[in-house]
Amino acid sequence: MRWREICVIACAIVLCAFATGAQAQGAYAIGRTATAAEIAGWNIDVGRDGSNLPAGSGSVSHGREVFAQQCASCHGDKGEGGVGDRLVGGQETISTAKPIRTVGSYWPYAPTLFDYVRRAMPQNAPQSLSNDDVYAVSAYILNLNGLVGADATLDAKSLAAIKMPNRDKFVGDARPDVK
Amino acid sequence: MSRTIDIRDKSARTTRRRFLQGGGAVAGSVVVGAGAPAAAETENLPPNIPNWMKAPGDPMGSQPYGTPSPFEKGVVKNISKNLKQYISASGRTPLQELDGIITPNGLFYERHHGGVPTIDPEQHRLMLHGLVEHPLIFTMDDLRRFPSESRIHFLECSGNPGYTKPYGKTASDLVGLLSCAEWTGVSLKLVLQEAGLKPEAKWVIAEGADAAALTRSIPIEKCLEDAMLVYSQNGERLRPQQGYPLRLLLPGFEGNMNVKWLRRLHVTAEPAYSREETSKYTDLLPDGTAREFSFYMEAKSIITRPSGGQRLDVPGFHEITGIAWSGHGKIKRVEVSIDDGKNWQEARLQEPVLTRALTRFRLPWQWDGKPAVIQSRAIDETGYVQPTLAELLAVRGENFFYHNNAIWPWRIAADGEVTNALA
């Protein structure tokens, strides 16, 4: 066996060791490789641009049914609030002495609504709704805020395309602002 | 106060309990009734031998973990009885009952967004993925194998307190969403290096394993500066209320970013713009714009003794003491005014003065028995001076909600009652 071949085989062995992921690569070699399937199972982060939104879709009308069953007891039949946050209305109040901060008046990005409903709602059974149901509930809440029509059906693309009214009103931290 | 009571042959502990149970009015009656103490109490006072010396006490093992004296049962977390719901709520540290700079774990303030989960550490995992060379999963045993470190830092909720009335009566009502502990864990930088950051890595989205699956985005600079993955607090494993078995600690950053029950770190180029960092923890200005990603807690202080709800029983010597802190580093100086802000004198800082930790200050004071307004202001090592509430309101308005680090004055009446001077 020539020297070059020995080198190639040695390199292959090293690469195989990396590829198996049996051991971490850092200085301490602590922890094990997270597989793509494991990451996909846990990574439910949705970007503000809609990145990582799942497949599926949901209509306003179906969302009305899901909302009545899962959400209305805390948020009110029309999202007017109760034990849970008010979700609807408040547009034009944000710069007044009594701002009403809702999904429609305050939230800058629509995909965040999907992200939050999926990960944290309903409060007594988070992560129990199907992706289709989360799209539907999101569509219903956006409809109640006048941001999509009553016949709308939302999916990853159409949800990400919605421009929220308050999107451009967020600025950086100017502190120290009192000197 | 307790010294005064001792002189009047009255148990200081009894007085303290009455403060807690009935407030200042009851405590004031102590002075009136001092000449006729109850017979049972007299038996234990000099020159008699107290009952607790005449029989053995509780045996070893009667409290395998231990609880405070039954005479301290009123020193508990300050939890409102009027909360809309209790699984997304907060409980405050009784700051005016504590000494030094360390908050006992049982009294550490709490803020949950989806209740307190019960997590089996054997089944808990931390996943680190995204813009890294090697996505990794760690068990708790894995994390404890890393080189460890312990540091003392404060933690404070960003809404502590708000900008609108009603303001609280006690120091705890006002700024009790504040605590300080010695934290033990592993440097986040070390763990990120283990995975290998890619050049585009600018943020780390941290997620909790609670029912809120709370997510906050942390700038990579903070992650590489002094952030820790924490598993122990004041020497013992984290309490469930503080994120057992693992939490993120970001010294000086607003409390909710210090994600509890930490299960995932997602390294990204952009922040998540999660619900918590868009609709909740943003500061609304009068013109309708809102500040986002406002992470640091600015310099702040409060006098904890004498403070609201307490009472000075007699004129004469009283020590003014309180706590100061800054998310931007060490406290450089604390000034105290005893004349409603006209004049300020420098308080003595108790060592150690640590970065992003509570610092205890003290000022000896002779109270002349006349009405007075006392207050403190902190100056941190950046030169920043703690502002008044009026100064903050002038810039931020009343809708700002978070990051109220105002000076808070206490009014002392001629009868010694201490109340919130701005309420």
Practice item. Mind counting the residues in segment A:61-78 that are within 14 Å of chain B (Cβ to nearest Cβ) and open to solvent by less than 20 Å² (accessible area, probe 1.4 Å)? Key: 1
Review point. Just wondering, is there one or more residues in segment A:101-123 that are open to solvent by 30 Å² or more (accessible area, probe 1.4 Å), at the interface with chain B (Cβ under 9 Å from one of its Cβ atoms) and more than 14 Å from the chain's Cα centre (by Cα)?
Key: yes
Study note, to complete from the structure: (1) crowded, with 22+ Cβ neighbours inside 10 Å; (2) out of contact with any Lys or Arg (no Cβ under 6 Å at 6 or more places or on another chain) all hold for B:Ala213 apart from (2)
Exercise for review: From A:Gly81, A:Gly90, grab the single residue that is surrounded by fewer than 23 Cβ atoms within 10 Å (Cβ to Cβ) and away from chain B (no Cβ under 11 Å).
Suggested key: A:Gly90
Exercise for review: Could you give me the residue pairs with C-beta distances under 6 Å whose first residue belongs to segment A:155-179 and is more than 10 Å from chain B (Cβ to nearest Cβ), whose second residue is assigned to a strand (DSSP E or B) and open to solvent by 30 Å² or more (accessible area, probe 1.4 Å) wherever it lies, and which are 6+ apart or on separate chains?
Suggested key: A:Asp155/A:Ser57
Review point. In contact (Cβ under 8 Å) with a residue 12 or more places away in the chain, away from every other protein chain (no Cβ under 14 Å), open to solvent by 60 Å² or more (accessible area, probe 1.4 Å) and not in a helix (DSSP H, G or I): does that describe B:Thr103?
Key: no
Check your understanding: Quick one: B:Arg264 ticks every box in (1) within 14 Å of another protein chain (Cβ to nearest Cβ); (2) surrounded by fewer than 23 Cβ atoms within 10 Å (Cβ to Cβ) bar one, so which box is it?
Key -> (2)
Check your understanding: among the hydrophobic types (A, V, I, L, M, F, W, C), farther than 30 Å from B:Pro199 by Cα and in a loop (DSSP other than H, G, I, E, B) - does that describe any residue in segment B:116-135?
Key -> yes
Point to revise | Yes/no for B:Ser179 being surrounded by fewer than 24 Cβ atoms within 10 Å (Cβ to Cβ) and either modelled with pLDDT of 95 or more or over 19 Å from B:Phe154 (Cβ atoms) (or both) | key: no
Check your understanding: Given (1) part of a helix (DSSP H, G or I); (2) of a type in the set (Gly, Ala, Ser); (3) in contact with a Phe, Trp or Tyr (Cβ under 8 Å, 6 or more places away or on another chain), where does A:Gly47 come up short, assuming only one miss?
Key -> (1)
Revision key, fill the gap. Exception for B:Arg237 within (1) touching a residue at least 12 places away in the same chain (Cβ under 8 Å); (2) open to solvent by 10 Å² or more (accessible area, probe 1.4 Å) falls at (1)
Point to revise | Scan of segment B:120-145 for residues that are open to solvent by 30 Å² or more (accessible area, probe 1.4 Å) and aliphatic (A, V, I, L, M), ordered by number | key: B:Leu131
Exercise for review: Filter segment B:267-285 for residues that are facing another protein chain (nearest Cβ under 7 Å), in a loop (DSSP other than H, G, I, E, B) and not hydroxyl-bearing (Ser, Thr, Tyr) and give the result.
Suggested key: B:Glu270, B:Ala272
Check your understanding: Can you tell me which residues in segment A:39-51 are free of Cβ contacts under 8 Å to residues at least 40 places away in the same chain and within 7 Å of chain B (Cβ to nearest Cβ)?
Key -> A:Ile39, A:Trp42, A:Asn43
Practice item. State all residues of segment B:407-421 that are buried (at least 23 other Cβ atoms within 10 Å of the Cβ) and out of contact with any Lys or Arg (no Cβ under 8 Å at 6 or more places or on another chain); if no residue qualifies, say none. Key: B:Trp408, B:Trp410, B:Ile412
Check your understanding: Of (1) at pLDDT 95 or above; (2) within 27 Å of the chain's Cα centre (by Cα), B:Tyr167 satisfies all except one. Which?
Key -> (1)
Point to revise | Residue list for segment A:140-161, restricted to those being buried (at least 19 other Cβ atoms within 10 Å of the Cβ) and either within 16 Å of A:Gly47 (Cβ to Cβ) or in contact with a Pro (Cβ under 6 Å, 6 or more places away or on another chain) (or both) | key: A:Ala156, A:Leu159, A:Ala160
Practice item. For segment B:140-232, please list each of the strands (runs of 3 or more DSSP E) lying entirely inside it that holds at least 1 residues being closer than 21 Å to B:Glu254 by Cα and within 14 Å of chain A (Cβ to nearest Cβ). Key: B:178-187, B:203-208, B:215-219
Study note, to complete from the structure: When B:Leu389 is run through (1) more than 26 Å from B:Lys165 (Cβ to Cβ); (2) surrounded by fewer than 18 Cβ atoms within 10 Å (Cβ to Cβ), the failure sits at (1)
**Study point:** Count of segment B:81-100 residues which are part of a loop (DSSP other than H, G, I, E, B) and out of contact with any helix residue (DSSP H, G or I) (no Cβ under 9 Å at 6 or more places or on another chain)
**Key:** 9
Review point. Taking segment A:52-96 as the region of interest, how many residues are free of Cβ contacts under 8 Å to residues at least 24 places away in the same chain, under 24 Å from B:His113 (Cβ atoms) and among the small types (Gly, Ala, Ser)?
Key: 6
Study note, to complete from the structure: Taking segment B:276-292 and keeping residues surrounded by fewer than 24 Cβ atoms within 10 Å (Cβ to Cβ) and within 26 Å of B:Tyr244 (Cα to Cα) leaves B:Glu276, B:Glu277, B:Lys280
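The values are calculated or read from the model by the stated rules, or taken from the named source; none is laboratory data. Remember, it's a predicted structure, so these values are computed and weren't measured experimentally. Because the Cβ atoms are built from the backbone with ideal geometry, glycine has one as well, and the counts that use them run over all protein chains shown. Just the protein is used for accessible areas: all its heavy atoms, side chains included, with ligands, DNA and RNA removed. Shrake-Rupley method; radii C 1.70, N 1.55, O 1.52, S 1.80 Å.
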